[in-house]
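Okay, handing you the structure first.
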Amino acid sequence: MALHPTLARLLTRRVVITDGAWGTQLQARGLSGGECPDAWNLSRPADVESVARAYVDAGSHVILTNTFRSNRLALAGYELANRVRELNVAGAQISLHATGAKALVFASMGPSGKMLMMGETTEEELKAAFEEQAEALAEAGVHGLVVETMSDLAEAMIAVRAAKSTGLPVVASMVFDSGKNKDRTMMGQTVEQCAVALADAGADVVGANCGRGIAGYLALCQRLAQAAALPVWIKPNAGLPEFVDGKLIYQTTPDEFAGFAPALMDAGARFIGGCCGSTPEFIRALAAKVPA
Amino acid sequence: MTDLSKLHDAILNGDAKTAVAVTKEALDAGANPMDLVTQYMIPAMDEVGRRFECEEYFVPELLLAARAMKGSLELIRPLLAESGAEPVGRVVIGTVKGDLHDIGKNLVASMLEGAGFEVIDLGADVPPEKFVTAAKEKKADIIALSALLTVTMPMMKNTIAEVERAGMRDSIKIIVGGAPVTEQYAREIGADGYSDNASGAVQLARSLVTKKAA
């Protein structure tokens, strides 16, 4: 299958640098624990835009959006289910405004937080929720969609199909944090099962994010690349947080993180960014390590 | 006579319908409810835990087994209460204040119920005082705290402090878990135990109530 033209243009680079974490950046600007980060797209757009801009300035070729939770089911927990459209459109516009022509915007679509297999939601409900979100993001003009941080392959496939219906290129990224080798999803699916099924569902790029530190991503990249024959997207955590002098600190430094980039590229990674604990400094360090 | 190995297997296979049917049949035939729990159901859940440890089972199988166990227990629990039998222990569980994530917490709650604990589930976004009040009211042995977000992890520490303020710290065990939580963090905040999975949380809870009884 031919690459989506947007991806073909991006992938003339050896590796595309994406962004780092948003949640911790918003916290640094005053977001509190119980607040819905996505709500800031409406209440504090300038702060959200400053995060987006920090990543563009650090060297991101693609940035995401502050819309991770902006599906009807996840928003219901914050009593915001009736604001799906507004939150997504605002989130898309903020990132698009921050990038100008300097970077592309791939909008973030996270999980519903409901368990399909336990009957907490249905396939129909998930499909409707992801379609609603994907349509709002597409209409706002984003360049791609990223279905990310998924723990259940069944839900991820529904989200990918919903995202694909917009005609935009779609990245599908799972969390592999279970099993002895931390190479399965919470639901027990293997890297290979995920890569193959997500490709079948129409994903243009397959990937992994969150879950674990960057060292474990070398094997994940190889396995994803082999199983799906699609470009691979990764966003590792900056390690697990440790408690030092009463504060939570992510122990991986930007330089350590970026030091893995050459090996990750050899292992097949075409899109590299960071998840929890990563900052614009991580992106800057990455940008310095990879060919321009 | 009911073939009770069917109860064991139904739980192991996550077949709630059969588990409930066999339980009902056995109780109607006069089986001792406590024996059903200790000889068939808990061993089945132990086997589920073992299979989880060696990666034959994953979260879906745990959830299904726990649901089958729960179905049977709903029939058995009223009878146990009548006979004055005590649960293995009482656990007050919840996701800490500011955090809405409940998948992991629900899983641990189901597995604890499956292991014969009485579980008082306070849900998500639970303020420290609510843990204390519930633990006091229900005479809980254990408070189990969950957090998925690094920003809400410190709320675990606050909750432990609230238990201390209430003068209950010496009489109750506190266990913690959730994706960003580590053994080291658990020690730092003065929790009594940590597990990175639901099956391990059950073993931990068991060892804590055993120590307490000893």
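The values are calculated or read from the model by the stated rules, or taken from the named source; none is laboratory data. Fair warning: this is a prediction, and the values are worked out from it, not measured in the lab. When we count neighbours, we look across all protein chains shown, and the Cβ atoms used for this are built from the backbone with ideal geometry, even at glycine. Side chains included, ligands, DNA and RNA excluded: accessible areas come from the protein's heavy atoms. Shrake-Rupley method; radii C 1.70, N 1.55, O 1.52, S 1.80 Å.
Within segment B:145-162, restricting attention to residues that are outside any helix (DSSP H, G or I) and open to solvent by 30 Å² or more (accessible area, probe 1.4 Å), which residue is farthest from residue B:196 (Cα to Cα)?
Taking segment B:145-162 as the starting set, the residues that turn out to be outside any helix (DSSP H, G or I) are B:145-153.
Remaining after also requiring open to solvent by 30 Å² or more (accessible area, probe 1.4 Å): B:148-149, B:151.
On the way: B:148: 12, B:149: 15, B:151: 18 Å.
Out of the qualifying residues, it is B:151.
Could you please tell me which pairs satisfy a Cβ distance under 6 Å, a separation of 6+ or placement on different chains, a first residue in segment B:43-70 that is under 15 Å from residue A:119 (Cβ atoms) and at the interface with another protein chain (Cβ under 8 Å from one of its Cβ atoms), and a second residue that is assigned to a helix (DSSP H, G or I) and modelled with pLDDT of 90 or more?
B:67/B:16
So, one more: Test residue A:263 against the criterion of being open to solvent by less than 40 Å² (accessible area, probe 1.4 Å), more than 14 Å from chain B (Cβ to nearest Cβ) and over 24 Å from residue B:196 (Cα atoms), and give yes or no.
Here the answer is no, as residue A:263 does not meet what is asked.
May I pose another question? Filter segment A:97-112 for residues that are open to solvent by 40 Å² or more (accessible area, probe 1.4 Å) and not in a loop (DSSP other than H, G, I, E, B) and give the result.
Initially, segment A:97-112 is screened for residues open to solvent by 40 Å² or more (accessible area, probe 1.4 Å), giving A:97, A:100-102, A:104.
Result: A:97, A:104.
Considering segment A:16-60 alone, what residues qualify as being surrounded by fewer than 19 Cβ atoms within 10 Å (Cβ to Cβ), polar (S, T, N, Q) and within 14 Å of chain B (Cβ to nearest Cβ)?
Passing the criteria: A:27, A:32.
Let me ask something else. Take the residues of segment B:102-122 that are in contact with a strand residue (DSSP E or B) (Cβ under 6 Å, 6 or more places away or on another chain) and assigned to a loop (DSSP other than H, G, I, E, B): which is farthest from the other protein chains (Cβ to nearest Cβ)? Spell out how you get there, then give the answer.
Keep residues of segment B:102-122 that are in contact with a strand residue (DSSP E or B) (Cβ under 6 Å, 6 or more places away or on another chain), which gives B:102, B:104-105, B:109, B:112-113, B:117-122.
Narrowing further to those that are assigned to a loop (DSSP other than H, G, I, E, B): B:102, B:117, B:122.
Working: B:102: 8, B:117: 20, B:122: 16 Å.
If we take residues in segment B:102-122 being in contact with a strand residue (DSSP E or B) (Cβ under 6 Å, 6 or more places away or on another chain) and assigned to a loop (DSSP other than H, G, I, E, B), then B:117 is farthest from the other protein chains (Cβ to nearest Cβ).
Being touching a Lys or Arg at 6+ places or on another chain (Cβ under 9 Å), away from chain A (no Cβ under 14 Å) and touching a residue at least 12 places away in the same chain (Cβ under 8 Å), is that true of even one residue in segment B:156-164?
Checked against the condition, which is being touching a Lys or Arg at 6+ places or on another chain (Cβ under 9 Å), away from chain A (no Cβ under 14 Å) and touching a residue at least 12 places away in the same chain (Cβ under 8 Å), segment B:156-164 yields at least one hit.
So, one more: Of the residues B:64, B:73, which single one is within 30 Å of residue B:133 (Cα to Cα) and part of a helix (DSSP H, G or I)?
Only one candidate passes the filter, namely B:73.
Now, a different point. Spot the failing condition for residue A:176; the list is (1) under 18 Å from residue B:178 (Cα atoms); (2) more than 14 Å from chain B (Cβ to nearest Cβ), and only one is missed.
Condition not satisfied by residue A:176: (2).
Quick test for you: out of A:245, A:177, A:200, pick the one residue that is over 21 Å from residue A:127 (Cβ atoms) and surrounded by fewer than 18 Cβ atoms within 10 Å (Cβ to Cβ). Walk me through it before giving the result.
Values: A:177 fails: surrounded by fewer than 18 Cβ atoms within 10 Å (Cβ to Cβ); A:200 fails: over 21 Å from residue A:127 (Cβ atoms).
Just a single option satisfies the conditions, and that option is A:245.
Filter segment A:1-20 down to the residues that are part of a loop (DSSP other than H, G, I, E, B), hydrophobic (A, V, I, L, M, F, W, C) and in contact with a strand residue (DSSP E or B) (Cβ under 9 Å, 6 or more places away or on another chain) and list them by number.
Matches in segment A:1-20: A:11, A:15.
Quickly run through segment B:129-144 and pick out the residues that are buried (at least 19 other Cβ atoms within 10 Å of the Cβ) and in a loop (DSSP other than H, G, I, E, B).
Selection gives B:140, B:141.
Evaluate segment A:276-285: report whether one residue or more is open to solvent by 40 Å² or more (accessible area, probe 1.4 Å) and farther than 30 Å from residue B:157 by Cβ.
yes
If you check B:10, B:81, B:85, B:19, which single one turns out to be hydrophobic (A, V, I, L, M, F, W, C), more than 14 Å from every other protein chain (Cβ to nearest Cβ), over 16 Å from the mean Cα position of the chain (by Cα) and not in a helix (DSSP H, G or I)? Can you show your working first?
Working: B:10 fails: not in a helix (DSSP H, G or I); B:81 fails: not in a helix (DSSP H, G or I); B:19 fails: not in a helix (DSSP H, G or I).
Step by step, each of B:10, B:81, B:85, B:19 is checked, and only B:85 is hydrophobic (A, V, I, L, M, F, W, C), more than 14 Å from every other protein chain (Cβ to nearest Cβ), over 16 Å from the mean Cα position of the chain (by Cα) and not in a helix (DSSP H, G or I).
Still on this structure, please answer the following. Given the conditions (1) surrounded by fewer than 19 Cβ atoms within 10 Å (Cβ to Cβ); (2) more than 10 Å from chain A (Cβ to nearest Cβ); (3) assigned to a helix (DSSP H, G or I), and given that residue B:167 satisfies all but one, which numbered condition is not satisfied?
It fails just one condition, (3).
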